[in-house]
Amino acid sequence: MNFITDPWFYVWAIPAVIITGISKTGLGAGVGGVAVPMMSQVIAPGVAAGIMLPILCVIDLFGLRAYRGQFSWQGVKPMLWPALIGIAIGALSFGTLSVGSTKALLGAISVSFALYQLIPALRNLKTWLPEALRPWLWCGLSGFTSTLAHAGGPPVTIYLWPKKLDRMQFMAITIVFFTVVNAVKLIPFALLGQLSLTNLATSLMLMPFAPVGVWLGVRLNRYINDQTFRRVTLACLFLLGLRLLFEGLK
């Protein structure tokens, strides 16, 4: 079975998978998109995205179990069609965007989201979009960026933030949304060759760390302040995003 053997890859990938698992429990919600930027320090973003997708699908199942009964389909349905269109556009763009362009885009998204979350004044800005258009922009963008780099969290957070949902509702809606999105993404990823045997074997090597992240998240929820964890992780996301932006633009 062929899989990535570079030890530096696992130095980045194992913490990335654990952080993703932790984020699915509600601790540090919205920062699970750090995985591909972390892995992209040593491998191409497209390869990192292909490795992470099966892991994300497994983590989604843990999330559904943890938040079952906490969501309403009425809150999720307006988000799905825009996301599906975004996935289609992302899949069509996958082969046309260079590694540098993808890194620059991912870096810009990472930096923007980190600033949006870390600076209170930005979070308080009102959206100029009419309510009916907001899911088409933010959820469509989420499907697009999720397809390119599993970075769909920032646009969805921007979409849901003004709704003032409690933590459980927010997590439940995002988990159901990304369970559907990630399952649909399996089709274009397979067609694009991102689910190669090497990528799947590497995913299998990393898979045991996904439940470890979920387990840690459940326990850390009892002891660690959510705001502290989010700030530290978002700061890391900001720094990684700057590096990717620099690499993509040089």
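The values are calculated or read from the model by the stated rules, or taken from the named source; none is laboratory data. Source: prediction; values computed, not measured. Glycine also receives a Cβ, built like all others from the backbone with ideal geometry; neighbour counts cover every protein chain displayed.
Laid out as a table, the results:
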quantity	calculated
Filter result (surrounded by fewer than 16 Cβ atoms within 10 Å (Cβ to Cβ) and modelled with pLDDT under 80) within region 102-123	L118, I119, P120, A121, L122, R123
Region 49-65: number of residues that are modelled with pLDDT of 90 or more and within 12 Å of the chain's Cα centre (by Cα)	5
Neighbours by Cβ (under 7 Å, 6+ apart or cross-chain): first from region 1-24, under 15 Å from L220 (Cα atoms); second among the aromatic types (F, W, Y)	I18/F209; K24/F62
Among residues of region 66-101, those that are under 15 Å from the mean Cα position of the chain (by Cα) and not aliphatic (A, V, I, L, M), counted	2
Filtered residue count, region 85-101, keeping only those that are outside any helix (DSSP H, G or I) and loosely packed, with under 15 Cβ neighbours inside 10 Å	3
Pair list, Cβ < 8 Å and 6+ apart or interchain, from region 55-67 residues that are in contact (Cβ under 8 Å) with a residue 40 or more places away in the chain and closer than 9 Å to I175 by Cβ to residues that are assigned to a helix (DSSP H, G or I) and of a type in the set (S, T, Y)	D60/T179; G63/T179; L64/T179
Filter pass, P82 being crowded, with 20+ Cβ neighbours inside 10 Å and assigned to a helix (DSSP H, G or I)	yes
So G217, is it surrounded by 19 or more Cβ atoms within 10 Å (Cβ to Cβ), more than 18 Å from I109 (Cα to Cα) and modelled with pLDDT under 90	yes
Residue match in region 178-198 (condition: under 19 Å from the mean Cα position of the chain (by Cα), at pLDDT 85 or above, surrounded by 21 or more Cβ atoms within 10 Å (Cβ to Cβ) and of a type in the set (S, T, Y))	no
Some residue of region 24-37 being part of a helix (DSSP H, G or I), of a type in the set (A, V, I, L, M, F, W, C) and more than 14 Å from G152 (Cα to Cα)	no
Listing of helices (runs of 4 or more DSSP H) fully contained in region 132-230 that carry 3 or more residues being within 28 Å of P78 (Cα to Cα)	140-149, 153-160, 167-191
